[in-house]
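Below: the structure, in structure tokens.
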Amino acid sequence: MAGSINKVILVGNLGADPEIRSTQDGREIANLSLATADSWKDKNTGEKREKTEWHRVVIFSPSLVAIAKQYLRKGAKIYIEGSLQTRKWQDNNGQDRYTTEVVLQGYSGSFTMLDNANSSNQQQPGASNYAPNNNFTPNRTQDSNAKNSPSPFPDKGVFSSASGGDNAPAADDFEDEIPF
């Protein structure tokens, strides 16, 4: 279908450390359990109510898997961009089962760590490579063929599965007027 878009954006907290698995050909895949919450005030009782949704996230990009494995931990707040995919398999009883996942692969997948690198009680090995002067500001990676776009969270770590490198423009590089 021409002109269709399959893009998912979520901001939430990890319910567990990333689960790293290997395919038969030895490639690593990261599985994440991401919680998003919606809260509201009950009109009848005035009580604050909350509903949590759990999302399955699968990372296929080797560079993103390596970063997830090293830096993501249970409770971490992250921003992810990916696409929806529904997978079908048969359970032990021969019944067809389906699951819908947010998939990060190719140029369409990225995630941003919204917590500071030093916010956890334990520093991960190699974290100093990404946390100079206690400010967590790694470069956003972009492919030379992809459009450059600034990070929606410029002071946090932004990781995409594209290769190459370019810094996001400073906020004062944008004009104040709308161009139309």
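The values are calculated or read from the model by the stated rules, or taken from the named source; none is laboratory data. Because the structure is a prediction, the values reported are computed rather than measured. We place every Cβ from the backbone using ideal geometry, glycine too, and count neighbours over all the protein chains shown.
For the structure I just gave you, tell me whether ALA146 is aliphatic (A, V, I, L, M), at pLDDT below 90, more than 22 Å from ALA30 (Cα to Cα) and not in a helix (DSSP H, G or I).
In short, yes.
For the range 70-91, what are the residues that are at pLDDT below 95 and part of a loop (DSSP other than H, G, I, E, B)?
The one that is at pLDDT below 95 and part of a loop (DSSP other than H, G, I, E, B): ASP91.
Find all pairs meeting these conditions: Cβ atoms under 6 angstrom apart; at least six residues apart or on different chains; first residue within the range 72-100 and in contact (Cβ under 8 Å) with a residue 12 or more places away in the chain and under 20 Å from ILE5 (Cβ atoms); second residue β-branched (Val, Ile, Thr) and crowded, with 16+ Cβ neighbours inside 10 Å.
Sorted first by the residue in the range 72-100, then by its partner, the pairs are TYR79/THR112; GLY82/VAL8; GLY82/VAL102; GLY82/VAL103; SER83/VAL103; LEU84/VAL8; GLN85/VAL103.
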